[in-house]
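Take a look at the structure below.
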Amino acid sequence: MSTRFARQLVRLYPRAWRARYEEEFVALLEARELGLRDVLDVGRGASREWLRSTWIGRALALAFDAWMTAMVSTLIIASIGSLVTGVGRFVMGLEPTLTLPFLSLALANSLLIQMPMAIALAGAMATPWFFMTRVTGHAARAPVVVRAISLVPVFAVCMTLGFRAEQLGGMMLAAWIVSEGIVSPKAKAVAP
């Protein structure tokens with residue numbers, strides 16, 4: 001591959017990245033024959049580095065990380081809550097047979113459709129609040145208050161979608177757990 005083409009590919013990367021890695025990367029690109037897949041991979045890597053180097057990219061990465069954590073936490077907590085509710089209703093005599101709600105079609109609908117939708121809506125509503133509190137420093141000064149206020153959109157979305165008690169509990173607990181990672185001093189910085 002020509003040195004000129006290799007340098008043009010490397011120019012897709014941010015200036016700070018090029019200052020550190022340009023010579024090595026050009027040498028690597030020159031050492032091999034690149035196909036279309038390799039060129040697309042270089043472009044994908046450049047776009048990833050541009051996102052990492054900007055504050056909006058870091059904010060998007062933070063939001064995506066929080067969303068994934070919320071999804072996993074909510075699904076686990078809601079499943080356990082559903083199991084406890086089903087067994088509890090049977091033990092108290094409210095259900096004639098032990099139905100396992102964690103195997104029901106209603107729970108599958110809840111876990112696969114309602115909860116991801118609720119997480120996305122609540123996340124969209126809470127992300128500006130988290131971002132503002134991180135930038136202004138309120139998250140560091142009053143993390144419990146910031147986290148408590150962030151539960152308001154989660155509660156509103158859950159009530160709007162008509163969640164049952166175990167779903168609401170799972171969503172609220174998961175939101176509280178996820179918000180710790182967002183407002184904690186050890187969380188990744190958003191501002192440059």
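With respect to Ala19, determine if the residue is exposed (fewer than 11 other Cβ atoms within 10 Å of the Cβ), aliphatic (A, V, I, L, M) and part of a helix (DSSP H, G or I). Outline the logic, then answer.
Details: exposed (fewer than 11 other Cβ atoms within 10 Å of the Cβ): yes; aliphatic (A, V, I, L, M): yes; part of a helix (DSSP H, G or I): yes.
Judged against the criteria, Ala19 is a match.
Of everything in segment 25-41 that's surrounded by 10 or more Cβ atoms within 10 Å (Cβ to Cβ) and acidic (Asp, Glu), which residue is farthest from Ser53 (Cα to Cα)?
So, considering only residues that are surrounded by 10 or more Cβ atoms within 10 Å (Cβ to Cβ) and acidic (Asp, Glu), the one farthest from Ser53 (Cα to Cα) is Glu30.
Just give me the residues in segment 22-53 being touching a residue at least 12 places away in the same chain (Cβ under 8 Å) and not in a helix (DSSP H, G or I), in sequence order.
Arg32, Glu33, Leu34
Here, each number is a calculation from the coordinates, and none is a lab measurement. Given the structure is predicted, the values throughout are model-derived calculations rather than measurements. Quick reminder, even Gly has a Cβ in these numbers, built from the backbone with ideal geometry, and neighbours come from all protein chains shown.
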